[in-house]
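Visitor: Below is one structure. I have some questions about it.
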4 protein chains.
Amino acid sequence: MTATTRVRVRYAETDQMGVVYYANYLVWFELGRVEFLRSLGFDYSRMETEDGCILPVVEARCRYRAPARYDDSICIEAFPLLLRGSVLKFGYRILRETDAETTLLAEGETVHVVCDRQLERCPLPEPVARLIRAAIPAAESS
Amino acid sequence: MTATTRVRVRYAETDQMGVVYYANYLVWFELGRVEFLRSLGFDYSRMETEDGCILPVVEARCRYRAPARYDDSICIEAFPLLLRGSVLKFGYRILRETDAETTLLAEGETVHVVCDRQLERCPLPEPVARLIRAAIPAAESS
Amino acid sequence: MTATTRVRVRYAETDQMGVVYYANYLVWFELGRVEFLRSLGFDYSRMETEDGCILPVVEARCRYRAPARYDDSICIEAFPLLLRGSVLKFGYRILRETDAETTLLAEGETVHVVCDRQLERCPLPEPVARLIRAAIPAAESS
Amino acid sequence: MTATTRVRVRYAETDQMGVVYYANYLVWFELGRVEFLRSLGFDYSRMETEDGCILPVVEARCRYRAPARYDDSICIEAFPLLLRGSVLKFGYRILRETDAETTLLAEGETVHVVCDRQLERCPLPEPVARLIRAAIPAAESS
């Protein structure tokens with residue numbers, strides 16, 4: 001299962017090469033995974049404040065295929081790849097959409113360790129965990 | 001009394017016009033006022049965590065004179081303009097320094113209301129207040 | 001005439017005070033004025049690349065009324081205040097929308113000088129200028 | 001050979017978790033690799049404008065070990081790992097320095113493809129290439 005988020009490239013996100021600065025793709029990844037959780041019925045901001053459950057990133061990776069440019073219509077796809085104990089891994093695809101075509105701009109992954117407010121590892125609340133497990137493609141979870 | 005901070009323009013701070021994106025000057029203002037407090041012997045991060053004293057911005061203003069460019073050597077001047085009750089106002093000058101000349105790139109002000117952890121107005125801790133008052137140019141404080 | 005843009009607060013836009021960092025409101029202003037131009041039928045990215053017409057900011061100002069927080073639903077209102085020769089001024093209102101109420105979070109203005117590719121002052125292309133003039137509230141343009 | 005750059009964590013770089021937002025480490029990586037080039041006698045901004053030689057990132061990776069916090073004194077280590085044709089790989093270590101100890105906060109790599117102004121692959125100018133090759137640790141380049 002994949003969540004899809006749409007954003008337009010902001011002027012602030014470009015750099016003097018005329019393309020989106022490479023660190024900003026990690027911001028888009030974050031928008032994507034929050035929307036993924038929302039699509040399961042979970043509100044990350046509430047998970048953080050009410051359940052005291054946070055998802056710090058322990059690893060992030062991005063492969064850049066083609067540059068995004070100012071005002072491009074960007075589609076962020078986010079999907080879970082793995083949930084094992086406290087370790088949660090997401091995958092992402094960043095696409096540019098025009099009337100004529102869809103172009104893959106970047107792909108990546110982030111790895112998270114589920115933590116409580118004291119930044120100690122803890123399991124993901126079971127209702128979220130169950131839905132995320134169900135959303136992981138079979139080939140990945142085997 | 002003015003505190004001076006030096007930074008180099010980061011690639012991430014430029015936009016596709018080839019100059020520093022306008023919102024980033026407010027980040028530089030912040031670096032300047034923190035250095036100003038440090039020059040008085042106060043550590044803003046400690047004020048926030050230990051004294052529970054925060055300085056949210058209620059107004060910010062910037063006039064842009066000339067663009068800053070990637071890798072420019074930037075000098076941030078920050079100085080207090082006013083302290084009246086809980087209201088604290090800083091002024092800033094952003095300069096580019098080369099071997100040959102110094103160019104004024106921007107000027108601005110920020111107005112802050114001193115608050116406690118509950119975001120209620122409170123007075124600035126007296127030791128800081130006294131030093132800030134002493135640092136305000138006479139013409140301004142009158 | 002006012003253009004309205006909706007965004008959700010990104011995690012990257014918050015700071016350790018738990019609210020949106022103050023410089024990010026200027027990014028939202030930019031989103032608003034681009035949407036305003038789009039609502040008139042003008043594409044700022046095309047104005048920049050095809051007409052060689054850019055709108056560098058010469059002054060920006062923001063008054064912060066209440067903090068925006070992570071995941072808040074933000075409404076950005078942008079409207080022209082003045083067009084005189086090459087000088088163009090926009091006003092902005094940043095609002096938080098919940099089911100229950102709408103809260104004004106910030107207000108501000110930016111002043112721009114219309115420039116060509118060589119950063120020389122030039123008039124705004126007449127079709128845009130006419131529509132912007134028509135969109136300025138009467139009280140302001142008098 | 002490793003270049004070392006020192007920065008202080010900016011308030012703008014923190015997020016509501018009270019730590020540096022994860023995308024900002026990629027900004028630090030960029031500061032580090034520019035300083036590395038400068039330490040060899042090359043000015044990246046001049047390489048870009050005069051030689052028309054740019055280094056777009058095709059892959060970036062970061063492993064986060066411990067969080068950086070506001071006002072921390074950060075040391076960025078950057079070093080080349082590989083240069084083969086147009087492909088250039090850098091490694092990074094992000095450290096926090098206090099009087100008492102040095103803590104590894106993050107490690108990562110970026111891969112770049114040397115391009116000309118038309119974003120076509122091209123070789124790195126030979127003087128830079130020679131110095132970079134000499135700076136690559138033997139174990140890596142074998």
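The values are calculated or read from the model by the stated rules, or taken from the named source; none is laboratory data. If you're wondering where the values come from, they're calculated on a predicted model, not measured in any experiment. As a convention, Cβ positions derive from the backbone with ideal geometry for all residues, glycine included, and neighbour counts pool all protein chains shown.
Visitor: Which condition number does D:Leu31 fail, the rest of (1) part of a strand (DSSP E or B); (2) in contact with a Ser or Thr (Cβ under 6 Å, 6 or more places away or on another chain) being met?
Guide: Every condition holds for D:Leu31 apart from (1).
Visitor: Now for a separate question. Within segment B:59-114, track down each residue that is within 14 Å of chain D (Cβ to nearest Cβ) and polar (S, T, N, Q).
Guide: B:Ser73, B:Thr98, B:Thr110
Visitor: Hey, another quick one. If you take just the strands (runs of 3 or more DSSP E) that sit entirely in segment C:52-114, which of them hold at least 3 residues that are in contact with a His (Cβ under 8 Å, 6 or more places away or on another chain)?
Guide: On the way: elements: C:57-64, C:73-84, C:87-97, C:102-113.
Here the list reads C:87-97.
Visitor: Does segment A:5-12 contain at least one residue that is assigned to a helix (DSSP H, G or I), farther than 24 Å from C:Leu26 by Cβ and either touching a strand residue (DSSP E or B) at 6+ places or on another chain (Cβ under 8 Å) or modelled with pLDDT of 95 or more (or both)? Please lay out each step first, then the result.
Guide: To start, the set of residues in segment A:5-12 that are assigned to a helix (DSSP H, G or I) comprises A:11-12.
From the residues that got through so far, the ones that are farther than 24 Å from C:Leu26 by Cβ too are none.
Scanning segment A:5-12, I find no residue that is assigned to a helix (DSSP H, G or I), farther than 24 Å from C:Leu26 by Cβ and either touching a strand residue (DSSP E or B) at 6+ places or on another chain (Cβ under 8 Å) or modelled with pLDDT of 95 or more (or both), so the answer is no.
Visitor: Applying the selection to segment C:1-37, what residues are farther than 13 Å from C:Ile94 by Cα, within 12 Å of the chain's Cα centre (by Cα) and either within 9 Å of another protein chain (Cβ to nearest Cβ) or of a type outside the set (A, V, I, L, M) (or both)?
Guide: Quick first cut of segment C:1-37, residues farther than 13 Å from C:Ile94 by Cα only: C:1, C:10-19, C:21, C:23, C:34-37.
Cutting the leftovers down to within 12 Å of the chain's Cα centre (by Cα) gives us C:34-37.
Residues satisfying the conditions are C:Val34, C:Glu35, C:Phe36.
Visitor: Can you say whether A:Glu30 is surrounded by fewer than 23 Cβ atoms within 10 Å (Cβ to Cβ) and either in contact with a His (Cβ under 6 Å, 6 or more places away or on another chain) or not aliphatic (A, V, I, L, M) (or both), as far as the supplied structure shows?
Guide: Working: surrounded by fewer than 23 Cβ atoms within 10 Å (Cβ to Cβ): no; either in contact with a His (Cβ under 6 Å, 6 or more places away or on another chain) or not aliphatic (A, V, I, L, M) (or both): yes.
Criteria not met by A:Glu30.
Visitor: Which residues, counting only those in segment A:40-58, are at the interface with chain C (Cβ under 10 Å from one of its Cβ atoms) and more than 17 Å from the chain's Cα centre (by Cα)? Step through it out loud before you land on a result.
Guide: Taking segment A:40-58 and keeping what is at the interface with chain C (Cβ under 10 Å from one of its Cβ atoms), we get A:43-46, A:48-49.
Listed by number, the residues that qualify are A:Arg46, A:Thr49.
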